[in-house]
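Okay, so here's the structure we're looking at.
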Amino acid sequence: MKICVVGTGYVGLVTGVCMADLGNDVICVDIDEKKIANLNKNILPIYEPGLEELVKRNKARLTFTLDLKAAVKKSEIIFIAVGTPPRANGEADLSFVKEVAKQIGKSLNGYKVIVDKSTVPVGMGDLVESIIEDNSNNKFKFDVVSSPEFLKEGSAIQDFMNPDRIVIGAKKKDAAEKVAQIFKPLATKVIITDLRSAEMIKYASNSFLATKISFINEIANICEKVGADVETVANGMGIDRRIGKLFLNAGAGFGGSCFPKDVSALVNIARKEDYEPLILNAVIEVNKLQRKHVLGKIKKILGTIEGRQIGILGIAFKPNTDDIREAVALDIIAALLEKGCRIKAFDPVAMPNARKEVKGVTFVKDSYSAAENVECLVILTEWNEFRELDMKKIKGLMKNPAIVDGRNIYDPDKMKKLGFAYTGIGRN
Ligand code: UDX
């Protein structure tokens with residue numbers, strides 16, 4: 001099939017490259033000249049395991065271009081995968097989606113299916129349809145389809161190739177089935193529904209996962225009070241198939257480009273309809289409190305925070321990505337700097353991004369350098385390499401052997417035996 005993907009951000013690039021791997025001819029379009037020039041030289045704008053190899057392998061079926069008009073004309077199916085960043089009030093900024101819809105409308109030269117991949121408010125499919133209609137002078141037929149993506153950063157290719165389900169929302173079954181054809185090789189469950197339900201499935205899924213995280217973090221905080229261990233509690237809960245084991249890791253809270261944005265956007269969607277979403281509000285509130293909770297732990301373990309020397313392990317919002325958007329580390333570092341702390345920080349992959357965003361921190365070359373002469377080491381991302389550190393060496397390097405483990409990667413008993421003042425989340 002001849003496919004065009006507009007937007008070479010996370011979703012667009014991974015989706016485009018993976019669809020090329022399934023045998024389609026894919027034209028990826030972006031307005032960022034540098035990005036397109038780099039992609040044409042095999043330089044990727046993001047770090048995602050396996051993506052670079054996939055781009056190289058499918059070079060013959062992949063084109064990167066700035067020319068949206070020509071790309072639309074050559075394609076049967078056009079994916080919109082541009083950003084919907086949050087505005088200050090939590091609402092999604094839809095200007096990029098609207099602009100792309102306008103351009104698509106102006107470029108139509110025959111029947112096309114336009115697929116919304118960006119996470120957009122419920123009802124956006126209808127708006128995209130009317131924008132395209134207005135800009136194409138009703139000369140050509142088209143259908144708008146919504147097919148939300150569920151990719152996780154760090155395992156996006158694996159997620160694309162082995163999805164739990166594909167959701168396709170459309171007014172006409174034919175259009176939905178045309179899109180479903182692309183995913184046929186994946187032999188997965190395809191849910192065909194109306195536009196609005198498809199859009200809502202995306203928000204509801206992400207909000208539910210965020211709820212699971214805030215829920216287990218609240219349970220962790222109660223565990224600390226009553227002397228229980230949240231890891232054991234989560235395991236005991238997760239074995240019940242109605243609950244499920246995944247997304248029950250207590251810690252410093254969720255970050256990233258999706259959960260914070262999507263939960264806030266759903267709150268806004270509900271409020272516009274005069275519905276106050278109590279659970280969603282609490283999910284956001286608990287997530288904010290969890291960051292404060294980690295700061296409280298640093299204070300408790302050191303007595304005072306002011307002017308202390310702190311080592312930070314992990315800046316990315318989660319392991320296996322260089323993405324630091326809404327990362328817990330950003331808030332913790334800002335709060336510590338405000339208290340006059342001197343900070344050394346290390347992340348295996350996210351340091352180039354962190355250097356651009358975070359000032360006043362000494363970025364060091366490895367975990368051991370982050371531990372050198374500090375009074376407390378704070379773990380904020382559960383990178384595997386942090387699990388396997390020589391903790392005796394770490395202890396020897398630190399000025400004061402204290403660890404605040406914001407991701408519960410160490411065994412509390414082992415740490416205490418080694419002589420650390422250790423505290424995790426929801427464990428005693
Ligand atoms: C998420 C959704 O999982 C994905 O389906 C959607 O398409 C995009 O948003 P992503 O943001 O890449 O994906 O990361 P994810 O692995 O879901 O983690 C999100 C955040 O939750 C991270 O900050 C992570 O550390 C945190 N998290 C996750 C927890 O704190 N505990 C958990 O048990 C799981």
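The values are calculated or read from the model by the stated rules, or taken from the named source; none is laboratory data. Keep in mind it's a predicted model, so treat the numbers as computed, not measured. Note that each Cβ is placed from the backbone with ideal geometry, even for glycine, and that neighbours are counted across all protein chains shown. With ligands, DNA and RNA removed, areas are computed over all heavy atoms of the protein, side chains included. Shrake-Rupley method; radii C 1.70, N 1.55, O 1.52, S 1.80 Å.
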Every pair of residues 6+ apart whose Cβ atoms lie under 6 Å, when the first sits in the range 199-215 and is over 24 Å from residue 123 (Cα atoms) while the second is open to solvent by less than 30 Å² (accessible area, probe 1.4 Å) and near the ligand (Cβ under 8 Å from one of its atoms): 213/254
Any hit, the range 331-341, residues being more than 16 Å from residue 407 (Cβ to Cβ), within 16 Å of the ligand (Cβ to nearest atom), within 21 Å of the chain's Cα centre (by Cα) and open to solvent by 10 Å² or more (accessible area, probe 1.4 Å): no
So residue 63, is it hydroxyl-bearing (Ser, Thr, Tyr), surrounded by 15 or more Cβ atoms within 10 Å (Cβ to Cβ) and not in a loop (DSSP other than H, G, I, E, B): yes
Test result for residue 262, modelled with pLDDT of 95 or more and not assigned by TED's automatic domain parsing to the domain that holds residue 146: no
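Looking for something within 25 Å of the chain's Cα centre (by Cα) and farther than 22 Å from residue 184 by Cβ - is there at least one such residue anywhere in the range 105-116? Step through it out loud before you land on a result.
Pass one, the range 105-116, residues within 25 Å of the chain's Cα centre (by Cα): 114-116.
Right, trim to farther than 22 Å from residue 184 by Cβ and you get none.
Checked against the condition, which is being within 25 Å of the chain's Cα centre (by Cα) and farther than 22 Å from residue 184 by Cβ, the range 105-116 yields no hits at all.
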Check on residue 179, within 11 Å of the ligand (Cβ to nearest atom) and either modelled with pLDDT under 95 or in contact with a Ser or Thr (Cβ under 7 Å, 6 or more places away or on another chain) (or both): no
Cross-chain or 6+ apart pairs with Cβ under 7 Å, the range 230-250 first and within 12 Å of the ligand (Cβ to nearest atom) and basic (Lys, Arg), then outside any loop (DSSP other than H, G, I, E, B) and open to solvent by less than 100 Å² (accessible area, probe 1.4 Å): 245/238
Scan of the range 342-352 for residues that are open to solvent by less than 40 Å² (accessible area, probe 1.4 Å) and either touching a Lys or Arg at 6+ places or on another chain (Cβ under 8 Å) or part of a helix (DSSP H, G or I) (or both), ordered by number: 346, 351
Residue in the range 252-270 that is assigned to a helix (DSSP H, G or I), more than 14 Å from the ligand (Cβ to nearest atom) and either of a type in the set (Gly, Ala, Ser) or without any contact (Cβ under 8 Å) to a residue 60 or more places away in the chain (or both) present: yes
Any hit, the range 62-71, residues being touching a helix residue (DSSP H, G or I) at 6+ places or on another chain (Cβ under 6 Å) and aromatic (Phe, Trp, Tyr): yes
When residues of the range 297-325 are limited to those that are open to solvent by 40 Å² or more (accessible area, probe 1.4 Å) and either assigned to a helix (DSSP H, G or I) or small (Gly, Ala, Ser) (or both), the one farthest from the ligand (Cβ to nearest atom): 303
Index of the failed condition, residue 393 passing every other in (1) part of a loop (DSSP other than H, G, I, E, B); (2) more than 14 Å from the ligand (Cβ to nearest atom); (3) over 21 Å from residue 300 (Cβ atoms): (1)
Within the range 196-228, tally of residues that are touching a strand residue (DSSP E or B) at 6+ places or on another chain (Cβ under 8 Å) and either over 21 Å from residue 164 (Cβ atoms) or among the charged types (D, E, K, R) (or both): 3
Residues of the range 353-400 satisfying the condition of being among the hydroxyl-bearing types (Ser, Thr, Tyr), open to solvent by 20 Å² or more (accessible area, probe 1.4 Å) and over 11 Å from residue 312 (Cβ atoms): 368
In the range 147-172, residue nearest to the ligand (Cβ to nearest atom) [restricted to those that are within 14 Å of residue 183 (Cα to Cα) and open to solvent by less than 20 Å² (accessible area, probe 1.4 Å)]: 149
The range 254-269, residues that are open to solvent by 20 Å² or more (accessible area, probe 1.4 Å) and of a type in the set (Gly, Ala, Ser): 257, 264
